[in-house]
Amino acid sequence: MRFKHIFYLLPALLFVSGCQWFDKDRLQPPDSNGDTYYSIKGFLDDQWHFLEGQPIVLLRVATFNGQSDSSFVRLDSTLWKEIRKQFDASDIGETRFLGQYDFSMYQENALNQIVLTYTAKNPDLLTRKLDIGMDNVNHRIQTVYIETRTGNRTYEKNRKLTYIPRQVISIQAFEKSVISKPENMRVAYYFKY
C-alpha cells in the first residue's frame, strides 16, 4: 500500500525538481570570488530544455513602421536560435562585465516580484539595462527585460527585448541614421492567443 503512494509521488517530485528556480545566492551583487552577473544565455538554455520537443505554435505579430502582419509559427530549434540570437548578444554573464554595471534590487509589491536591475556604467556598452523580475516567494523568473544600444554620431540602433516565460517574447528595434528615415520594428511571439 505504501509503495502505491510513492509511485504517484515520484513523478510529481521529478517535475518540481526540473522547474526553473532562481538561485537565492544570486540575490546579492557579484563580488571578486568568481561570481558573475546573471546569465541570460543560461536562463534561455534552461527555457529551451523545457520547451524543446513540445508541440508549441506561437502567434507571431510583426510590425514594421506601423504596418502589421501576423502568422502562426511552430516553435522549433530554428526559430528558437533566431530568437536567441537577439538575447544572447545582450548577455552580461561573463566575468569581463564585472564592475561595469550598477546593481540594484527592489520589491515590486503590485506584481509580487523582486526586481534585479543591472544598469551600464559606460554608455559604450551594448547592454544598457537588464531587469529580471522574479516571484517574491519562490524566486521563479517571471520577466526578463533588456535594453541595448549601438551607434555613433551618424547611426543609432536601440533594442528592447522582453521574455515572459510561456507568455510572450518581444523584440523591438528602433533605428535612425543621418541618411535615412527612422525605422521601427517589433516582432512579438505569443504563447497564449
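Observations on the structure shown:
- Evaluation of Arg149 against the conditions (1) in contact with a Lys or Arg (Cβ under 6 Å, 6 or more places away or on another chain); (2) basic (Lys, Arg); (3) over 14 Å from Ser90 (Cα atoms) shows that the sole unmet condition is (3).
- Identity of the residue in segment 117-176, among the small types (Gly, Ala, Ser) and in contact with a Ser or Thr (Cβ under 8 Å, 6 or more places away or on another chain), that ends up nearest to Phe191 (Cα to Cα): Ser170
- Among residues of segment 115-129, those that are of a type outside the set (S, T, N, Q) and part of a strand (DSSP E or B), counted: 6
- Summed over segment 145-169, residues that are closer than 18 Å to Glu82 by Cβ and touching a Leu at 6+ places or on another chain (Cβ under 7 Å) total 2.
- Filter result for Asn152 (under 18 Å from Phe174 (Cβ atoms), surrounded by fewer than 18 Cβ atoms within 10 Å (Cβ to Cβ), modelled with pLDDT of 95 or more and not aliphatic (A, V, I, L, M)): no
- Top-ranked residue of segment 144-165 - restricted to ones that are assigned to a loop (DSSP other than H, G, I, E, B) and not β-branched (Val, Ile, Thr), ranked as nearest to the chain's Cα centre (by Cα): Pro165
- Taken over segment 73-95, the criterion of being more than 12 Å from Phe191 (Cβ to Cβ), not in a loop (DSSP other than H, G, I, E, B) and not basic (Lys, Arg) is satisfied by Ser77, Thr78, Leu79, Trp80, Glu82, Ile83, Gln86, Phe87, Asp88, Thr95.
- Only a single item in (1) in contact with a strand residue (DSSP E or B) (Cβ under 8 Å, 6 or more places away or on another chain); (2) loosely packed, with under 12 Cβ neighbours inside 10 Å is not met by Val137, and it is number (1).
- Residue within segment 64-85 that is at negative phi, among the basic types (Lys, Arg) and surrounded by 17 or more Cβ atoms within 10 Å (Cβ to Cβ) present: yes
- Pair list, Cβ under 7 Å, 6 or more apart: segment 62-82 residue farther than 20 Å from Ala173 by Cβ, other residue part of a loop (DSSP other than H, G, I, E, B): Leu75/Ile56
- Of the residues making up segment 86-99, those that are of a type outside the set (Gly, Ala, Ser) and surrounded by fewer than 15 Cβ atoms within 10 Å (Cβ to Cβ) number 4.
- Pick from segment 165-193, criterion closer than 21 Å to Lys41 by Cα and either touching a Gly at 6+ places or on another chain (Cβ under 9 Å) or aromatic (Phe, Trp, Tyr) (or both), ranking: surrounded by the most Cβ atoms within 10 Å (Cβ to Cβ): Tyr189
The values are calculated or read from the model by the stated rules, or taken from the named source; none is laboratory data. These numbers were taken from a predicted model, which means no experiment stands behind them. So basically every Cβ, Gly included, is an ideal-geometry build from the backbone, and we count neighbours across all protein chains shown.
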